[in-house]
1. What is the number of the single condition among (1) more than 16 Å from residue 396 (Cβ to Cβ); (2) modelled with pLDDT under 85; (3) surrounded by 13 or more Cβ atoms within 10 Å (Cβ to Cβ) that residue 490 does not meet?
2. Looking at segment 111-165, which of the residues that are hydroxyl-bearing (Ser, Thr, Tyr) and open to solvent by 20 Å² or more (accessible area, probe 1.4 Å) is modelled with the lowest pLDDT?
3. Tell me which residues, restricted to segment 569-588, are modelled with pLDDT under 80 and either among the charged types (D, E, K, R) or farther than 20 Å from residue 461 by Cα (or both).
4. What do you reckon, is residue 122 assigned to a helix (DSSP H, G or I), touching a Gly at 6+ places or on another chain (Cβ under 8 Å) and farther than 19 Å from residue 152 by Cα?
5. The conditions are (1) in contact with an Asp or Glu (Cβ under 6 Å, 6 or more places away or on another chain); (2) within 27 Å of residue 127 (Cα to Cα), and residue 353 fails exactly one of them. Which is it?
6. For segment 75-105, give me each residue that is closer than 23 Å to residue 292 by Cβ, of a type outside the set (Val, Ile, Thr) and open to solvent by less than 40 Å² (accessible area, probe 1.4 Å).
7. In segment 199-229, which residue that is assigned to a loop (DSSP other than H, G, I, E, B) and open to solvent by less than 40 Å² (accessible area, probe 1.4 Å) is farthest from residue 141 (Cα to Cα)?
8. If residue 42 satisfies all but one of (1) modelled with pLDDT under 75; (2) touching a Ser or Thr at 6+ places or on another chain (Cβ under 8 Å); (3) open to solvent by 40 Å² or more (accessible area, probe 1.4 Å); (4) not hydroxyl-bearing (Ser, Thr, Tyr), what's the number of the condition it fails?
Amino acid sequence: MFVLGIASQWIAWRLRFPAIIVLLVAGFVLGQVVGSETAAIIPEDLLFPAVSLAVAVILFEGGLSLRLRDLNQTRHAVLRLCTLGVFFCWIPMTFAAKLVFESWEVSALVGALFVVTGPTVITPLLRHIRPKSRVGSVAKWEGIVNDPIGAILAVLVFESAIHHGSEAIVMGMITGVLKTGLITLAIGGLTAWLIVKLLKRHWIPDYLENPVLLGLVLLSFTASNLLQKESGLATVTLLGILLANQKTVRIHHVVEFKENLVVLLISVLFIVLGARLGIDDLKNLGWEAIVFLAMMIFLIRPFSTIASTVGTSMSWSEKLFISGLAPRGIVAAAVASVFALEIGQLTETASPEILRDAEKLTPVTFLVIFGTVTVYGLGTPVLARRLNISDPNPQGILFAGADRFVRDLALAVQKEGFAVLLVDTNYENISAARMSGLPTQTASIISEYATNELDLGGIGKLFAMTANDEVNSLAVRQFAELFGRANLFQVTPRSTEEQKLRESVSDKLTGRNLFAKGLTYPKLSERYARGSQLKKTHLTDEFPYEEFQKLYGESALVLLVIDEQKKSIKTRTADEEFTPKTGQTLISIVAVPKEGSLDDSRINIKPELP
């Protein structure tokens with residue numbers, strides 16, 4: 001399962017395809033080849049407790065990614081989506097579910113269950129789509145917060161309507177909501193306080209911090225569920241939010257550990273989910289289930305989103321994007337399977353209609369998960385591009401530093417139509433960059449402000465080009481999670497010869513070395529100060545790369561290669577050789593430009609400030 005799951009994740013990454021779809025298809029194929037019972041591996045009586053614990057870790061990690069400052073511009077939209085949006089989804093979903101199920105009790109249960117969306121699906125899709133910060137924040141908050149809300153709502157409907165009859169549903173839900181809220185606040189708040197105290201007083205050795213915190217998360221989840229069914233999901237989500245927004249102790253290492261663990265869990269869970277779905281299960285559902293799925297995607301979701309966000313600051317394009325992003329995930333599967341088992345045991349108290357509906361509950365849930373993941377996974381990236389609110393493959397560059405060479409290089413990149421942003425603490429450098437028409441921020445590249453507050457729309461690479469090698473290396477580490485190590489570049493640190501080993505930066509801490517081997521910041525600055533200049537050259541059949549080399553010889557150093565057709569920037573590095581092709585544009589640094597040569601114009605930049 002692990003091998004197949006990770007292989008599916010890698011294939012999805014290589015193909016730039018939503019990973020969840022690849023995982024579900026791989027699991028489904030595995031189930032058909034070896035049989036769904038064999039593919040599941042874990043016995044059913046152990047499967048759902050194991051899934052519940054895995055979901056707890058996933059929701060806790062989701063809570064760790066929620067920053068309250070992200071709600072500054074989106075809190076009204078998020079609040080409405082998680083309250084009115086839930087109501088506007090549940091009621092129509094109940095009526096739509098009546099197409100498939102005979103009883104109103106199970107229909108109401110299904111309506112409540114499919115209120116959930118889920119970080120197991122939303123987070124990978126957002127990572128694939130990369131929407132603009134505001135709408136991405138709304139989608140992330142709704143996906144993570146609605147999971148426990150939907151699960152709790154489903155439990156309350158189950159306890160009230162199935163066990164006690166539909167007439168008791170209102171009073172049972174009110175009592176259940178109050179009880180769940182108190183338990184969530186008490187256990188979640190107490191656990192968060194305990195973790196902060198343990199870390200602050202260093203009562204846990206470093207090598208045990210992640211295991212101890214994982215144990216406390218699972219303990220709080222289990223304790224909460226024992227007091228109130230499915231309240232553990234809300235508890236661990238609140239726990240993650242509280243830890244993410246406290247300022248007493250650093251939890252970055254905890255976040256990294258949980259992210260790696262969640263990737264493994266998601267890979268296995270969706271393989272297992274797909275393997276449990278059989279072709280016969282789908283055939284027995286009939287056309288009504290397909291109509292129900294279509295209504296959920298194309299009618300109910302847009303209605304609930306637009307109706308609940310009336311009067312908010314969200315634009316129509318943002319509302320349409322949120323309307324087109326509501327895949328159901330592992331929480332729906334786990335809760336539905338548990339309900340199906342419990343309803344099946346109520347042979348003496350439940351009506352025949354409810355018992356027949358229980359047999360349909362799990363297959364319908366799997367169909368909904370597979371259908372919504374496929375439709376949203378394939379359609380939402382296209383919708384986001386059409387609405388101009390995402391850039392799945394951003395090529396823009398974030399420059400750490402803003403000296404003369406960096407400004408000229410950034411201006412050249414900007415003139416080619418790519419986003420740039422220069423960050424520096426030197427006000428004179430920033431002022432000169434602004435006078436050249438470049439976007440800037442006066443800040444330290446290694447500050448919390450840089451990673452959390454900068455508008456990085458259209459930017460997917462980091463060029464760390466300050467005079468301080470240590471700052472460059474710290475910047476690389478700071479942005480590794482956001483951009484990925486393949487897109488982190490820095491000027492080569494100063495000599496690592498034997499006599500200078502004590503002063504140099506370890507190779508383990510550096511990004512990919514920019515432009516050429518041994519091209520340190522002092523050497524680059526000296527070369528530029530002696531009269532070398534940036535030059536843009538478009539390669540044609542009449543003037544290929546070989547002619548460019550003959551014309552400038554060893555004095556020319558290619559920095560970037562721009563492919564206008566692919567709208568991409570290829571960065572030259574010290575450890576990678578490549579040959580530019582006809583049709584591409586070179587941005588290079590040359591020592592002595594020769595007048596009269598083909599494409600001999602310099603990069604047009606504004607004069608330096610006096």
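The values are calculated or read from the model by the stated rules, or taken from the named source; none is laboratory data. Quick caveat, the model's predicted, so the values are computed rather than measured. Virtual Cβ from ideal backbone geometry, glycine too; neighbours counted across all protein chains shown. Quick note on the areas: whole protein, heavy atoms, side chains included, nothing else; ligands and nucleic acids left out. Shrake-Rupley method; radii C 1.70, N 1.55, O 1.52, S 1.80 Å.
1. Every listed condition holds for residue 490 apart from (2).
2. Residues of segment 111-165 hydroxyl-bearing (Ser, Thr, Tyr): 117, 120, 123, 133, 137, 160.
Now restrict to residues that are open to solvent by 20 Å² or more (accessible area, probe 1.4 Å): 123, 133.
Details: 123: 72, 133: 65.
Ranking the candidates gives 133 first.
3. Going through segment 569-588, the residues modelled with pLDDT under 80 turn out to be 574-579.
Answer for segment 569-588, where residues must be modelled with pLDDT under 80 and either among the charged types (D, E, K, R) or farther than 20 Å from residue 461 by Cα (or both): 575, 576, 577, 579.
4. yes
5. So the condition that residue 353 fails would be (2).
6. Of all residues in segment 75-105, those closer than 23 Å to residue 292 by Cβ come to 81, 84-105.
Now narrow it down to the ones that are of a type outside the set (Val, Ile, Thr): 81, 84-85, 87-90, 92-93, 95-99, 101-105.
Those that are closer than 23 Å to residue 292 by Cβ, of a type outside the set (Val, Ile, Thr) and open to solvent by less than 40 Å² (accessible area, probe 1.4 Å): 81, 85, 89, 90, 92, 93, 96, 97, 101, 103.
7. 204
8. For residue 42, the failing item is (2).
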